[in-house]
Amino acid sequence: LAPDQLLLIDDSSTDDTSPRAHALGFTVLRTDRQSGPAIARNLGAEAALGDLLFFLDADCLLLPTTLAQAAAAFA
């Protein structure tokens, strides 16, 4: 299962997260200053086009079956 849209919300990181995500096909949105997870998630939710949102944080691991399992739960 492939997502319809990939967004990365960069909360003013200082590493190479944004260009690496962009190279992988993500749309990258960046906050002007570090604002915290709630602001970043809200920015992502405003930009999202789909009916379902799936949030991940930098310390989360997405397994190959995760999106299919989530979609099945809503089917």
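Couple of notes before you dig in:
- Put simply, the amide H of Arg30, placed in the peptide plane, has neighbours under 5 Å in Asp10, leaving out anything fewer than 5 places away on its chain.
- Karplus-based coupling profile of the stretch 68-75, in residue order and whole Hz: 5, 5, 5, 5, 5, 5, 9, 6, with θ = phi - 60° in 6.51 cos²θ - 1.76 cosθ + 1.60 and x standing for Gly or Pro.
- Protein heavy-atom surface of the chain, 1.4 angstrom probe: 57% of the accessible area is carbon and sulfur, with nucleic acids and ligands not counted.
- The residues of the chain present an accessible area of 79 Å² per residue when probed at 1.4 Å with all protein chains retained.
- Rel. contact order, % - alpha carbon contacts under 8 angstrom, at least six apart, the chain: 33 percent
- Rg and Dmax of the chain, Cα atoms only, in Å: 12.9, 39
- Near-label residues of the stretch 1-24 by backbone N, under 20 Å of a point 7 Å along Cα→Cβ of Thr65: 1-3
The values are calculated or read from the model by the stated rules, or taken from the named source; none is laboratory data. Fair warning: this is a prediction, and the values are worked out from it, not measured in the lab. Positions of Cβ are backbone-derived with ideal geometry, glycine not excepted, and every protein chain shown enters the neighbour counts. The accessibility values were calculated without ligands, DNA or RNA, using every heavy atom of the protein model including side chains. Shrake-Rupley method; radii C 1.70, N 1.55, O 1.52, S 1.80 Å.
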